[in-house]
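The values are calculated or read from the model by the stated rules, or taken from the named source; none is laboratory data. As the structure is a prediction and not an experimental result, all values here were calculated from the model. FYI the Cβ positions are ideal-geometry reconstructions off the backbone, even for glycines, and counts take in every protein chain you see. Surface accessibility is based on the protein's heavy atoms, side chains included, excluding ligands, DNA and RNA. Shrake-Rupley method; radii C 1.70, N 1.55, O 1.52, S 1.80 Å.
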Amino acid sequence: MDKKEILREFSTDPDRYYKVKLFEEQGFVRKSCSKCKRFFWTLDSGREMCPEDSEDTYSFIGDPPTSKRFDYTQSWREVESFFVKNGHTSVSRYPVVCRWRDDLYFTIASIVDFQRVMGSKVVFEFPSNPLVVPQTCLRFKDLENVGVTGRHFSSFCMIGQHSIPNSDGYWKDECIDLDYRLLTEQFGIRKEEIVFVEDVWAGGGSFGSSLEYFVRGLELGNAVFTEFQGELGKHTTLDQRVIDMGAGLERFAWITMGTPTAYDCCFGPITKHLFEKIGIDSDSELLKKYFTEIAKGLENFDDLIDVRKYAVKNTGLTDEQLNRIITPLEGLYLIADHLRTLIFAISDGALPSNVGGGYNLRMILRRIIGTMNRMNLKLDLDELVDLHVDYLKDTYPELDSSREDVKLILKIESGRYEESKTRMEKIATKLKGREKSLTVDELITMYESDGITPDYLKELDVISEIPSTFYSKLSDLHQSDKKKDIETLPLEGLPETELLFYGNDPMEFEAKVLKVFGNSLVLDRTSFYARGGGQEPDHGIIVDSKVVDVNKHGGIVVHLLEGQIPKEGEIVKCKVDTERRQNITKNHTSTHILNSSTRNVLGSWVWQHSAFKEADHARLDITHHSPLSKKEITQIEDTANSIVQKNMSVTIENFDRGDAEQRYGFKIYQGGVVPVKSVRIVSIEDFDVEACGGTHVKATGEINLIKITKTKRIQDGVVRIEFVSGPTAHQYVKQQKEEGVKTAVESLQKQQIEKQREERKQKTREKIPILFEQISAINNGTHTIDEIEISIIDSIKFCFTSSDQYDEFFHINFGKKLTKNEPNSVYVGIFDSGPTIRVIVYAGEEASKTKNAGLIAKSASEILGGAGGGDAKFAQGGGKDTSKKDEAIAKAKSMILG
Ligand SMILES: [Zn+2]
Ligand SMILES: [Zn+2]
């Protein structure tokens with residue numbers, strides 16, 4: 001939908017769309033900006049231009065328009081107490097990891113908290129009406145601005161003021177009245193300073209008018225009145241109109257403090273701590289001037305590089321000042337901002353990785369490390385985490401309990417970065433020689449495949465600037481998963497199947513056939529569990545045919561049969577395979593037990609990534625940073641089995657989704673989003689509570705035993721745990737025992753054989769002097785002594801053996817000794833050595849003149865399919881062709897004996 005067109009339309013009828021009671025009462029006048037023509041409402045009759053074009057833009061820097069000064073924490077207290085005083089419920093923030101929407105990784109606005117997607121429709125579910133929430137929002141689209149512009153953050157607190165107009169809630173008049181009073185009464189801003197600008201909002205098929213409110217050119221908030229749906233002109237009013245007022249808490253603090261940047265008053269003691277490290281005074285006149293010019297530049301230029309140039313020029317900064325003050329300052333702001341974002345994200349269970357939203361987290365941590373390296377800063381991240389959390393816990397007490405987890409994850413992740421540096425350096429060096437500059441897509445590929453950030457490439461001078469579209473493109477790529485296409489089946493007009501497995505769950509039942517297509521069958525009711533939530537389907541029998549698969553399409557269960565297919569209209573007898581169902585059920589409850597066990601053992605970042613439950617095996621994939629150690633596996637298994645032994649009861653209750661979320665938190669969405677208003681909550685006492693549609697045992701004792709069979713890191717940040725439970729687990733243990741006994745016997749046998757061999761070798765070694773004596777005494781004829789053949793022909797004494805009682809040590813020592821002592825002797829040993837046959841040849845001083853050891857070894861080795869070498873007196877070789885052993889022996893003999 002074209003926003004401009006809607007704005008034009010709405011602005012032609014300001015009485016209908018924009019004029020609220022307050023404007024009338026207070027005497028606000030409607031004006032059109034003399035520069036951009038936009039319409040705005042003001043009490044200042046002299047004002048001619050809209051806030052963005054006005055001369056007073058950002059004049060609050062160094063000169064705040066309020067009599068009171070509130071930092072970030074105090075500002076929230078002011079906002080909260082004002083709205084609570086005026087009938088609102090203050091709701092705790094929702095997680096920044098948006099687990100209740102499968103189209104978003106992170107919470108990007110306060111209204112997202114209350115949106116639930118059902119089919120293609122977005123519905124609103126408010127825990128109270130009206131309400132106010134300090135929602136931390138993560139946005140990675142304009143990372144290049146963070147630290148530089150004074151007002152961009154990768155995470156910020158959106159003050160969400162939300163109302164549904166009914167007997168409890170209110171609509172436009174009261175909303176604007178409240179916002180006006182918040183500014184004037186609570187923050188002490190003069191009413192003439194406040195300007196409301198006419199605008200519209202459109203998205204997700206709906207739209208409405210909005211009023212943005214500004215003070216001194218700073219947009220503090222935007223009150224959106226979501227009212228219509230459809231195409232402009234043909235639109236209808238929504239059944240459920242909603243007020244979505246979002247304001248930046250950081251900006252509220254900034255306007256009262258008048259610091260050079262919003263960073264200076266929103267990170268508590270962090271910025272001061274960092275400034276002291278590098279010795280910068282943040283409160284100087286120069287910075288006030290510079291950042292005011294930056295703000296003006298942002299109104300005039302699209303590209304950040306131009307904005308910065310503009311500000312440098314107008315402030316009259318020298319290069320020296322720029323390098324000594326501004327650049328380090330930008331780095332410090334970046335570090336403080338990115339770290340705060342990581343604290344929220346990791347506390348809420350997200351991990352830096354190379355998948356999904358984890359990409360963005362890894363990116364910002366690498367930017368922190370890169371900035372520290374560039375500035376040659378040695379910062380203790382643990383200390384900074386503590387400073388942040390100590391400051392934030394006033395507003396967000398939940399962060400306190402996960403600070404150690406955050407530190408651990410940051411440490412592991414920083415270590416990974418250091419490890420990959422050598423590889424990154426190599427790639428970067430290669431790129432330096434390239435003529436063509438890198439495209440944005442190439443940069444994205446480099447980050448995705450090698451973890452190389454453009455900041456790093458800039459640091460190494462591979463690129464001169466980071467393209468302005470890089471971060472927004474990366475963020476778009478990793479903002480949401482693409483949804484799968486749904487296959488179409490001929491199910492139109494069929495009623496939803498009655499799901500008996502959620503009722504008294506009979507294992508035998510009768511049902512009517514409503515539809516047959518191919519081998520598929522739809523019944524009016526069924527006890528066959530349909531594949532879902534990682535639980536595999538039931539099998540069994542319908543009439544005489546096997547049920548081999550069961551799937552749910554919308555509310556309709558489709559059974560796939562093998563064999564005779566019943567006819568439509570028939571009443572059929574159905575029987576569920578009970579044993580299979582029981583095993584799957586045990587595995588499913590075990591999955592829940594293991595999931596909480598791993599979280600207890602490993603840390604708060606553990607979430608179920610996915611799960612699979614079959615009858616004879618199951619697996620649970622969890623989010624975790626490293627492979628599991630043996631000790632961790634044992635601890636997890638022990639924890640799980642202690643829950644089994646305690647025989648805890650498993651209860652299933654249905655809740656209204658909003659109630660369930662408020663009561664148990666978002667941890668219930670371990671298996672993903674639940675697209676229905678009523679959620680089925682499966683609790684194992686207070687050990688584990690999950691929203692789940694699967695089948696479960698009544699008490700954990702039924703499982704009897706859980707055994708982990710294998711664990712594996714299957715992707716960055718995800719570990720797979722394969723396991724078995726119940727009878728299968730016992731079988732597994734028995735099998736392991738048997739195998740254990742078998743391997744123990746085998747290894748004992750092996751040891752014995754090895755021992756015997758060693759003993760024999762020792763004996764033959766001891767034999768060397770005796771054999772030497774005996775063989776030396778022989779002067780003629782042919783003899784065999786202890787498997788060594790001795791022949792004397794033409795005054796050459798030839799000794800040969802291929803007995804396996806002799807090893808290399810023997811051949812070398814005996815051959816050497818013999819030929820040294822008897823210059824006319826030749827010694828040849830051919831023997832097995834592992835998979836090969838070895839040849840060792842010695843020839844004495846005299847004998848070597850006619851019987852060359854090297855040639856003999858070479859010829860024999862060639863027959864064995866290998867190679868040999870050496871000199872006339874000593875040579876060795878061998879080959880792998882054991883079938884040619886006899887041939888090789890014959891060849892060696894013939895070369896000596898002729
Ligand atoms: Zn204007
Ligand atoms: Zn489940």
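The slack between residue 8 and residue 390, meaning 0.36 nm per residue of separation minus the straight C-alpha distance, is 132.7 nm.
Between region 533-567 and region 260-325, how many Å separate their Cα centres? The two parts, judged by their Cα centres, are 67 Å apart.
With the simple spin-label model, which puts each label point 7 Å out from Cα in the Cβ direction, the residue 472 to residue 277 separation comes to 3.1 nm.
Taking amide hydrogens as placed 1.01 Å from N in the peptide plane, the amide H of residue 618 sits under 5 Å from those of 723, each at least 5 positions away in sequence or on another chain.
Given R0 = 22 Å, the distance between the Cβ atoms of residue 401 and residue 663 translates into a calculated FRET efficiency of 0.70.
Let's test the formula: R0 of 45 Å, r as the Cβ-Cβ distance of residue 750 and residue 626. What FRET efficiency results, to the nearest 0.05?
0.85
Extension gain for residue 816-residue 439 works out to 128.7 nm (0.36 nm per residue, less the C-alpha to C-alpha distance). Which stretch or stretches of region 603-629 have amide N atoms under 12 Å from the point lying 7 Å from residue 722's Cα along the Cα→Cβ direction? Correct set: 617-620. A crude spin-label estimate for the pair residue 739 and residue 460, with each label 7 Å from Cα along the Cβ direction, gives 4.4 nm. Each label point was placed 7 Å from the Cα along the Cα-to-Cβ direction; for residue 519 and residue 704 their separation is 3.3 nm. Can you tell me the FRET efficiency between residue 761 and residue 871 if r is taken as the Cβ-Cβ distance and R0 is 41 Å, rounded to the nearest 0.05? Computed FRET efficiency for residue 761 and residue 871: 0.90. Averaged over its residues, the chain has an accessible area of 45 Å² per residue, based on protein heavy atoms and a 1.4 Å probe.
Taking the average, over residues, of other Cβ atoms within 10 Å as the packing measure, peptides 401-414, 24-37, 687-700, 237-250 rank 687-700, 237-250, 401-414, 24-37 from highest down. With all protein chains present, how much of the accessible area of region 698-821 (probe radius 1.4 Å) comes from carbon and sulfur, to the nearest whole percent? Solvent-exposed carbon and sulfur of region 698-821 make up 49 percent of the total. Would you mind computing the Rg to Rh ratio of region 513-649 from its alpha-carbon coordinates, Kirkwood style for Rh? When Rh is taken as the Kirkwood radius, the ratio is 1.12.
From the alpha carbon centroid of region 60-97 to that of region 597-619 is 40 Å. Note: relative contact order over the chain, using C-alpha pairs below 8 Å and six or more positions apart, is 8 percent.
The angle between the Cα long axis of helix 327-347 and the longest principal axis of the Cα atoms of the chain comes to about 80 degrees, rounded to the nearest 10. Once backbone amide H atoms are built at 1.01 Å from N, residue 200 has 210 as its partners under 5 Å, excluding neighbours fewer than 5 places away on the same chain.
For region 198-344, the fraction of 1.4 Å probe accessible surface lying on carbon and sulfur atoms is 46 percent. Across the protein chains, with a 1.4 Å probe defining accessible surface, the residues 362, 99 rank 99, 362 from largest area downward.
Which residues in region 327-371 have a backbone N closer than 20 Å to a point placed 7 Å from the Cα of residue 305 along the Cα-to-Cβ line? What the label zone holds, given the 20 Å backbone N cut-off, is 327-328, 330-331.
Potential lengthening of the chain between residue 772 and residue 448 amounts to 109.6 nm, from the contour at 0.36 nm per residue minus the alpha-carbon distance.
Backbone phi angles across region 149-161, fed through the Karplus curve with coefficients 6.51, -1.76 and 1.60 (θ = phi - 60°), yield HN-Hα couplings of 8, x, 9, 9, 10, 7, 9, 8, 9, 8, 6, x, 10 Hz in residue order; Gly and Pro are listed as x. When each of the peptides 602-608, 741-747 is scored by the mean number of other C-beta atoms lying within 10 Å of its residues, the order from highest to lowest reads 602-608, 741-747.
Relative contact order for region 23-180: 14 percent, from Cα pairs under 8 Å spaced at least 6 residues apart, divided by residue count.
Apolar share of the accessible surface for region 1-143: 46 percent from carbon plus sulfur atoms, 1.4 Å probe.
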